[in-house]
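What follows is one structure encoded as structure tokens, with my remarks underneath.
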Amino acid sequence: MVPRGFVVAMNGAIARGSHSLASRRSPAIGQWLIVSRWGRLGEYLMISLTGVVTEPTLEADAIAPTGLSPMTTFFGVLIRESSGGPSFFRLNGRLPSGVLVAGSFQPANGYVRIWVTEKTLSLVAYGEHLRFADLRGGEGSAPADNSLPDDGGREAGGWLIRATRRPWLGELCPA
């Protein structure tokens, strides 16, 4: 079962473009992520991009660098969970009242699947950037932080993240 509370570093492979069509995705770029789950019932999930580049295929015993900090953060809410199976979260375009996130909040539509295998957390997240103008319905609103720049394709706002937990000095994960 996926722990209901944790803060971990993950080695992520991020591809821009269509999350459903591999032929429309850019090559994956490695980046360290900070992933955290919290809430009374573990109902909230944050995926934070740190801007620290890495190889997306690091060895399983590779250690995350110290000093990672969130730059851009996606926020999700639990939609389904089973004992012994994966947990599924829906990425949101808005933060619930009273919820603050570390880094710059990036509104997104999408889904996250997170699971445990051999004592390692892994996740797959896919989604699409939203702009503040889309949320407010007005022209000229400031755009959201966009740390995953457009690739010029028809589905330029789409992205896919695959990530695996790596040991990190800053982690908090109950055994």
Selection within region 78-118 - over 25 Å from residue 51 (Cα atoms) and in a loop (DSSP other than H, G, I, E, B): 82, 83, 84, 85, 86, 96, 97, 98, 118
Please verify whether region 19-38 includes one or more residues that are farther than 18 Å from residue 163 by Cα and either part of a strand (DSSP E or B) or modelled with pLDDT of 90 or more (or both). yes
Can you name the residue in region 93-122 that is of a type in the set (A, V, I, L, M) and modelled with pLDDT of 95 or more and is also nearest to residue 71 (Cα to Cα) among such residues? 112
Enumerate the pairs (first residue in region 83-97 and in contact (Cβ under 8 Å) with a residue 40 or more places away in the chain; second residue anywhere and of a type in the set (A, V, I, L, M, F, W, C) and assigned to a loop (DSSP other than H, G, I, E, B)) with beta-carbon separation below 6 Å, excluding pairs fewer than 6 apart on the same chain, so at least 6 apart or on different chains. 83/1; 84/1; 87/2; 93/130
Only residues in region 10-39 that are of a type in the set (Val, Ile, Thr) count as the first member; pair them with residues that are modelled with pLDDT under 85 and surrounded by 22 or more Cβ atoms within 10 Å (Cβ to Cβ), Cβ under 7 angstrom, at least 6 apart or cross-chain, and list the lot. 14/148
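The values are calculated or read from the model by the stated rules, or taken from the named source; none is laboratory data. Since the structure is predicted, the reported quantities are computational estimates derived from the model, not experimental observations. Glycine gets a Cβ as well: all are built from the backbone with ideal geometry, and neighbour counts include every protein chain shown.
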